[in-house]
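Structure first, then comments.
The values are calculated or read from the model by the stated rules, or taken from the named source; none is laboratory data. All values derive from a computational prediction rather than experimental measurement. Cβ sites come from the backbone with ideal geometry, for glycine too, and all protein chains shown count toward neighbours. We work out accessible area using only protein heavy atoms, side chains counted, and drop any ligands, DNA or RNA first. Shrake-Rupley method; radii C 1.70, N 1.55, O 1.52, S 1.80 Å.
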Amino acid sequence: MNNSEPTMAGLKISATSLKKWKGDTLVVFAFQEESPKLLGLGKEAFALAATARSDGFKARERETFILRPVGKLPAERVLLIGLGKKTGYNLETLRRSVSKVLTLAENLGLTSISLRAPMIKRGMEEVQALTEGLFLAAYKFDRHQAPADEAPKPVSEVMLIVDDLNSDVKKGIERGEFFSAATTLARDLINEPPSRMNPERLAAEALKVNQSPISVKVYEGKDLEKMGMGGIIGVGAGGAVPPRLVELIYKPSKARKIVALVGKGITFDSGGLSLKPAQSMETMKDDMSGAAAVLGVFSVLPKLRPNVEVRGYLAIAENMPGGRAQKPGDVLKAFNGKTIEVLNTDAEGRLVLADALSYAASKKPDVIIDIATLTGAAVVALGHLVAGVMGNSPETIRALLSAGKDSGEQLWELPLVKEYKQDLKSKIADFKNIGGRRGEAGTIIGGLFLQEFAGEGPWVHLDIAGPSWSDSDQPYCPTGGTGFPVRTLLRYLENLA
Ligand code: BES
Ligand code: ZN
Ligand code: ZN
């Protein structure tokens, strides 16, 4: 693979066959029930595994153990990583466990390691999962920081050792690279401080993916007025940097379906005049995670080349208080002509999405998926690991849930209870932007509101307020923007084609 070996976050991943391998440190996986056995090492490792077991290594998920082998193994040192119980094993087990390798190796002062790829069930998928786990665990957002004095040197090279260096292995590494690069882009956009990643900058980032077969258009100022984008204009009115709507189109030569992805792109959510308390504002630079995820997806479409036309719509604004800011009581008219009484300026995501969704729907795609950090209620209901899914298309919801299982991103469906729609009735406009009952069913109310603007065709809403951001380090994601649900969307698009 020579020159095409992917590098990201200073890490290079390549593969070689067991026969050709020669090195000093080898990483090997083991299952909890299989005692003594090290995956993919055969008889040479039998005694080794037995030693580790007798010294207390149980092979629990992400458990590690270091050994100095004697005998036939051509390795000076072996790092064992547990995969937990065989019955619970899936691709996510691999991503989570392999992510342990990097810190373990760093603490030992190793910058280059070899890893026996287990290939337990689905060859290509397993290599992809290992690659994702490694690249995403290596991710750092340190561009605004001086290098720490005593930080260990990060691992710069991982060699995957496989039985046979076939096309599945090469494809797995390549796909792992694309999926990780797309996720990394989303994380970088989210993590960048909000005065830098303002509406102008986010639109500029979108223009960077403007290369065949993708075209990108940015609407602002007079364009938005002419189009009748009252929601985006209203929310952006208090910001120093004017709002934008970005339209991206990926058009492959043969497309079986047209999918529209609509992303909430609030570059900072102060709440507007309905100001948030200080603590709730701390992470509100992440309120553009939906738009960041859509851009992450677009950034790798020219490489993955799924046979689906993908249209992206980013509704971008900063939600700020100020003399020109919209006021509670104001009435806006969205792109589809429906009017909205703004009773709480902090329920701004649905206002910008009202425009973007109805614009997307006016172009008649086969399905619309919107991705938004929409409600704090979703964090209360589902926590920081799970996104809420709502919509009128059981088929699309099923496909997304299944793609989420494979990517290790968790989604859970919530019902769009139609009786709750009356909570959105306004006395003076077609709708008001908040429900009536002290926040009851806040996530569902948000979904019901969006449904009014999504047209009659298939539509699904992902409320990613929880999983878009992590306030602690996760196995393969440091604190900050996560890039959720980029990898699920990529799988979904590929499965459609
Ligand atoms: N961006 C927030 C939602 C959010 C909260 C995202 C916490 C991530 C973490 C959204 O614009 C918002 O403020 N929603 C309000 C809606 C309410 C006023 C109806 C909320 O959830 O409180
Ligand atoms: Zn808000
Ligand atoms: Zn918001």
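Residue pairs whose Cβ atoms lie under 6 Å apart, separated by 6 or more positions or on different chains, with the first residue in the stretch 413-441 and in contact (Cβ under 8 Å) with a residue 40 or more places away in the chain and within 12 Å of residue 339 (Cα to Cα) and the second in a loop (DSSP other than H, G, I, E, B) and of a type in the set (Ser, Thr, Tyr), are 432/426.
Of the residues making up the stretch 67-90, those that are in contact with a Ser or Thr (Cβ under 9 Å, 6 or more places away or on another chain) and either surrounded by 21 or more Cβ atoms within 10 Å (Cβ to Cβ) or polar (S, T, N, Q) (or both) number 8. Checked against the criterion of being crowded, with 19+ Cβ neighbours inside 10 Å, within 18 Å of the chain's Cα centre (by Cα), farther than 25 Å from residue 454 by Cα and more than 12 Å from ligand 3 (Cβ to nearest atom), the candidates 310, 300 yield just one match: 300.
Restrict the check to the stretch 248-258 and report whether at least one residue is in a strand (DSSP E or B) and within 15 Å of ligand 2 (Cβ to nearest atom). Within the stretch 248-258, not a single residue is in a strand (DSSP E or B) and within 15 Å of ligand 2 (Cβ to nearest atom).
Can you tell me which residue in the stretch 338-372 is farthest from residue 461 (Cα to Cα), limited to those that are near ligand 3 (Cβ under 10 Å from one of its atoms), part of a loop (DSSP other than H, G, I, E, B) and open to solvent by 10 Å² or more (accessible area, probe 1.4 Å)? Here the answer is 346. Of 379, 352, which residue is under 25 Å from residue 474 (Cα atoms), among the β-branched types (Val, Ile, Thr) and in contact (Cβ under 8 Å) with a residue 24 or more places away in the chain? Selected residue: 379, the only one of 379, 352 that is under 25 Å from residue 474 (Cα atoms), among the β-branched types (Val, Ile, Thr) and in contact (Cβ under 8 Å) with a residue 24 or more places away in the chain. For the stretch 279-290, the criterion of a residue being away from ligand 1 (no atom under 14 Å from the Cβ) and of a type in the set (A, V, I, L, M, F, W, C) is satisfied by no position.
Tell me, which strands (runs of 3 or more DSSP E) lie completely within the stretch 57-174 with 1 or more residues that are closer than 19 Å to residue 32 by Cβ and among the hydroxyl-bearing types (Ser, Thr, Tyr)? Write out each step before concluding.
On the way: elements: 64-67, 77-82, 112-116, 157-162.
Correct list: 64-67.
Among residues that are in contact (Cβ under 8 Å) with a residue 40 or more places away in the chain and more than 16 Å from ligand 1 (Cβ to nearest atom), residue 332 is not included. Kindly evaluate residue 329 against the criterion of being within 16 Å of ligand 2 (Cβ to nearest atom) and part of a loop (DSSP other than H, G, I, E, B). Considered against the rule, which asks whether it is within 16 Å of ligand 2 (Cβ to nearest atom) and part of a loop (DSSP other than H, G, I, E, B), residue 329 comes out as no.
Sort through 380, 389 and tell me the only one that's touching a helix residue (DSSP H, G or I) at 6+ places or on another chain (Cβ under 9 Å), in a helix (DSSP H, G or I) and among the hydrophobic types (A, V, I, L, M, F, W, C). Before you say what the answer is, go through the steps one by one.
Numbers: 389 fails: in a helix (DSSP H, G or I).
From the options 380, 389, the qualifying one is 380.
Of the residues 261, 245, 273, the single one that is in a loop (DSSP other than H, G, I, E, B), closer than 26 Å to residue 335 by Cα and more than 10 Å from ligand 1 (Cβ to nearest atom) is 273.
Residue-by-condition table, conditions (1) in contact (Cβ under 8 Å) with a residue 12 or more places away in the chain; (2) surrounded by 20 or more Cβ atoms within 10 Å (Cβ to Cβ); (3) not hydrophobic (A, V, I, L, M, F, W, C):
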position	(1), (2), (3)
94	yes, yes, no
98	yes, yes, no
106	yes, no, yes
134	yes, yes, no
140	yes, no, yes
145	no, no, yes
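Considering only the stretch 178-187, how many residues are touching an Asp or Glu at 6+ places or on another chain (Cβ under 9 Å) and farther than 16 Å from residue 122 by Cβ? Selection size over the stretch 178-187: 3. In the stretch 2-34, the residue that is modelled with the lowest pLDDT out of those that are within 30 Å of residue 143 (Cα to Cα) and part of a loop (DSSP other than H, G, I, E, B) is 5.
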